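Chemist: Please find one structure pasted underneath; my questions will follow.
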Amino acid sequence: MEKNVKRFRQLSFSLILILLCFSVIAETPSLVRHIRFPIWAEVDAYPGLVLKEEKSRDSEDAPDSNELKEAEDEEENQPYSYAIGRVKEIAPFLVKGMVYGWEFSYTPSDKARKVEEVLEIKEIQDLEKSPNKISYSSAWIEDNKFCCWVDYTRTDHQVQLYNLWSSINNPVIQGRGYGPLEKGFDGIKEASEDALKNAVRAHYRKLIKNKPKEITGKVLIRKIPTLGINQGRYVIILDFFLEYGKIKEYSQF
């Protein structure tokens, strides 16, 4: 009798755990409908970039002492203005890659032909015409970084686009990329382009024996980007759906 009671309690406890797990899963927002991920920017990283962007954009001359004082005063009044500005550049760039995707043109390097490796990307569509906007919430400071949550809810049309990408037989590719830390947002953009380049290169190397002249196609970011710092560089890991485009071969050697 005691064994049966003990066994019943164990089964009941297991059932409760299962129900709790299903409850947590049910409450977790789907990436398909609602995009949510944390993003960060260093609080006082390379303050010279702020001065260059705000005070010397149209001039090649070094700023005078008055301009330096104005920049210092502005930083004191708004200590996180630089970090917030970087966050609001990074987040839309990544969200647009997740909602509409990027077109790309990739030229592999070819030493024999003296051709350098080049990747060009273009946003397929902007978010300006979308009725839904990116929102930022729950900001906090951690390890000298300004952090916050980025939220974006897809429209019905955007959900259909994602489902179309995932339902068609589009291969999934992944790449890791690096970018200079001192470049701020441009460094993260370079890291993202590097991740795409590495993903495309690794995928097509399995399919093509001879180096092509150019590869074109489209990609959609399918998972939450992973962004960090490694050895003084930004590092980002991106997963993509790949839509094949054209492969141009060299006509002759």
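Chemist: If the chain between SER251 and ARG176 were fully stretched, how many nm would it gain, using 0.36 nm times the residue separation less the Cα-Cα distance? Could the numbers behind the result be given before it?
Modeler: Details: separation 75, 0.36 × 75 = 27.00 nm, distance 3.22 nm.
Working it through step by step, the gained length comes to 23.8 nm.
Chemist: What does the charge count near THR153 come to, summing +1 for each Lys or Arg and -1 for each Asp or Glu among other residues with Cβ under 13 Å from its Cβ?
Modeler: The answer is +2.
Chemist: So, in nm, how far is label VAL32 from label ILE168 when the simple model puts each one 7 Å beyond its Cα toward the Cβ?
Modeler: 1.8
Chemist: Kindly give Rg over Rh for segment 151-194, based on alpha-carbon atoms, with the Kirkwood expression for the hydrodynamic radius.
Modeler: With Rg and the Kirkwood Rh in hand, the quotient comes to 1.17.
Chemist: Note the full-extension length gain between ASN144 and GLU89 as 0.36 nm times their separation in residues minus their Cα-Cα distance, in nm to one decimal.
Modeler: Additional length available on full extension: 17.9 nm.
Chemist: So if I take the alpha carbon set of segment 127-206, get Rg, then get Rh from the Kirkwood formula, what is the Rg over Rh ratio?
Modeler: Rg/Rh: 1.06.
Chemist: Give me the distance in nm between label points sitting 7 Å out from Cα along the Cα-to-Cβ direction at TYR80 and THR216, one decimal.
Modeler: Each label point lies 7 Å from its Cα, and together they span 4.4 nm.
Chemist: Once you place label points 7 Å from the Cα toward the Cβ at GLU120 and GLU103, how far apart are they in nm?
Modeler: Distance between the two pseudo-spin positions: 1.0 nm.
Chemist: Can you compute the FRET efficiency between LEU127 and LYS206 using 1/(1 + (r/R0)^6), with r the Cβ-Cβ distance and R0 = 35 Å? Round to the nearest 0.05.
Modeler: 0.55
Chemist: Mind jotting down the three principal axis lengths of segment 89-156 based on Cα atoms? Whole angstrom, largest first.
Modeler: Principal-axis extents of the Cα atoms in segment 89-156, largest first: 53, 38, 15 Å.
Chemist: Please work out whether segment 82-121 counts as rounded, prolate or oblate from its C-alpha gyration tensor, where a ≥ b ≥ c are the square roots of the eigenvalues and a/c under 1.5 means rounded, while otherwise a/b larger than b/c means prolate and anything else oblate?
Modeler: Cα axes put segment 82-121 in the oblate bin.
Values quoted throughout were computed directly from the atomic coordinates according to the rules given, and no laboratory measurement underlies them. Please read all numbers here as calculations on a predicted model, not as lab measurements. Counting neighbours? That spans all protein chains shown, and the Cβs are built from the backbone with ideal geometry, glycine included.
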